[in-house]
Structures are given as structure tokens and as C-alpha cells.
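Notes for the one structure printed next.
The values are calculated or read from the model by the stated rules, or taken from the named source; none is laboratory data. None of these values were measured; they are calculated from a predicted model. For neighbour counting, all protein chains shown are included, and Cβ atoms are generated from backbone atoms with ideal geometry for every residue, glycine included. Surface accessibility is based on the protein's heavy atoms, side chains included, excluding ligands, DNA and RNA. Shrake-Rupley method; radii C 1.70, N 1.55, O 1.52, S 1.80 Å.
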Amino acid sequence: MTQTPTRTDQAIAAHPEVAQLGGSIITATAAKALAVLRISTGFVFLWAFLDKTFGLNYATPSAKAWINGGSPTKGFLASVEVGPFQSFFHAIAGTWWANGLFMLGLLAIGIALIAGVAMRIAAISGVVMLAMMWLAEVPFAQFTSAGEPTGSPNPITDSHYIYAIVLVVLALTYAGTTWGLGRTWARLPFVNRNRWAL
């Protein structure tokens, strides 16, 4: 007698790395919520790239746009006043390679998240970028190197930390398969042979 495949069996077959835990998998509603979170987070990265590139007069005035000769990293990194990496961040502030890597990261992570592809690569890259930004702000520091209060509202859990956790969750839950190109991406021969590229 042939058994009819269950919804769990079908979901596991649809993606090669879906794990069955406790007899259930993620619900359709939760998958859609993760898709909304993925796209929204992707737009955070993509918007930062667009604003810094074109100076859309939100965080970046047009006079300081990257295409107008502005530096996406100089203002932030040159103003680091806390933590053990001050001199390192001051040294790389505004360099061509720091600008290029930062902007490439914002663009690539944003597109990958919105499209739902290369989620593991996007998560790792995003966590590294956010960790660097967290180290530049050092939210646990109460005073700057000049002895002034930092005004840090929380010693650990700032927005960089939360976004990093979001990226890890999105990658681990295969959030790119709902309202994204994750399934198509997973079937590409290169990705199928190299699961780290999921």
C-alpha cells in the first residue's frame, strides 16, 4: 500500500536542507513573516547604499554623495571616540578600499536579501560588517577617550547586534524560499554542489 506524502514530506522534498524537528516544520504564516523581515532588512542595506551613493538628502546630503566625491566611511570612522580600535578606524577612514568594500557590501547584502539568494553568504558578510560598526561605536563604553559621556542607551543590545541576529535567523530558516528566489537558487548546479552558497 502506497502512502500519500504528507505536507511535511513535500516541504522537505522541496528544499534539500529542510530539517524535520519535533515532527513539524515552519508554518506558512511564519514563512511569510520571515519573508517580510528578509525583504525589509534587505531594504535597510540597499537604502543605505543608494543614499550614500546618490545623496538622497536623508542621511546623506547630495553634496556628500559618493558620486560627487564624498566618502561613505570617512565621517563615521573618523569620528570614532571610543574603544581599543580607534586608531585603526581613523587610519582606514575614507580610504578607497574601505569605501569600496563598505559600499559593495551594502549593495550585495541588500540585493541578496531582497531576492532571497545566497542567504548564508549575505548573513556572514552582514554580520562581519555589523560587528565592525558595533566595534566602532562600542556601546558598552560609558565615556569617550576625552572623558565625555557616550550617552549609550544599552551596553550590549544595539541595532547592529539585533540586525546581526536577524541575518543569522533568516539564513538558518531558509527565508529566501518564500516570496524569493531561494528554491531556484538552491537548484543551480554550483549551489547544489556547494551548500555554503545557499
>> Conditions first: (1) in contact (Cβ under 8 Å) with a residue 24 or more places away in the chain; (2) over 13 Å from the mean Cα position of the chain (by Cα); (3) part of a loop (DSSP other than H, G, I, E, B). Trp196 passes all but one, so which condition is the exception?
In response: (3)
>> Looking at the range 121-129, can you tell me whether even one residue there is of a type in the set (S, T, N, Q) and surrounded by fewer than 16 Cβ atoms within 10 Å (Cβ to Cβ)?
In response: no
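From the list Ala186, Ala171, Ala131, exactly one residue is in contact with a Leu (Cβ under 7 Å, 6 or more places away or on another chain), part of a helix (DSSP H, G or I) and not charged (D, E, K, R). Which is it?
Ala186
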> With Ala175, Ala171 as the choices, which residue is within 22 Å of Ile39 (Cα to Cα) and without any contact (Cβ under 8 Å) to a residue 60 or more places away in the chain?
Replying inline: Ala171
>> So in the range 145-165, with the set limited to residues that are modelled with pLDDT under 90 and either touching a helix residue (DSSP H, G or I) at 6+ places or on another chain (Cβ under 9 Å) or among the polar types (S, T, N, Q) (or both), which one is most open to solvent (accessible area, probe 1.4 Å)?
In response: Ser145
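Every residue, every condition in (1) at pLDDT 95 or above; (2) among the hydrophobic types (A, V, I, L, M, F, W, C); (3) open to solvent by 70 Å² or more (accessible area, probe 1.4 Å), yes or no:
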| residue | (1), (2), (3) |
| --- | --- |
| Leu37 | yes, yes, no |
| Thr53 | yes, no, no |
| Pro61 | yes, no, no |
| Trp66 | yes, yes, yes |
| Asn99 | yes, no, no |
| Leu104 | yes, yes, yes |
| Ala108 | yes, yes, no |
| Leu113 | yes, yes, no |
| Phe140 | no, yes, yes |
> Can you find even one residue in the range 175-186 that is within 20 Å of Gln86 (Cβ to Cβ), modelled with pLDDT of 95 or more and either touching a Phe, Trp or Tyr at 6+ places or on another chain (Cβ under 6 Å) or surrounded by fewer than 16 Cβ atoms within 10 Å (Cβ to Cβ) (or both)?
Replying inline: no
> For Ala59, are the conditions met, namely being assigned to a loop (DSSP other than H, G, I, E, B), without any contact (Cβ under 8 Å) to a residue 60 or more places away in the chain, on the phi < 0 side of the Ramachandran plot and under 21 Å from the mean Cα position of the chain (by Cα)?
Replying inline: yes
>> I'd like the full set of residues that are within 22 Å of Ala164 (Cβ to Cβ) and open to solvent by 30 Å² or more (accessible area, probe 1.4 Å), limited to the range 68-78.
In response: Phe76
>> With more than 22 Å from the chain's Cα centre (by Cα), of a type in the set (A, V, I, L, M, F, W, C) and not in a loop (DSSP other than H, G, I, E, B) as the only criterion, which of Ala108, Ala91, Ala48 stands out?
In response: Ala91
>> Against the conditions (1) part of a helix (DSSP H, G or I); (2) under 22 Å from Ile26 (Cα atoms), where does Gly180 fall short? Just the number, please.
In response: (1)
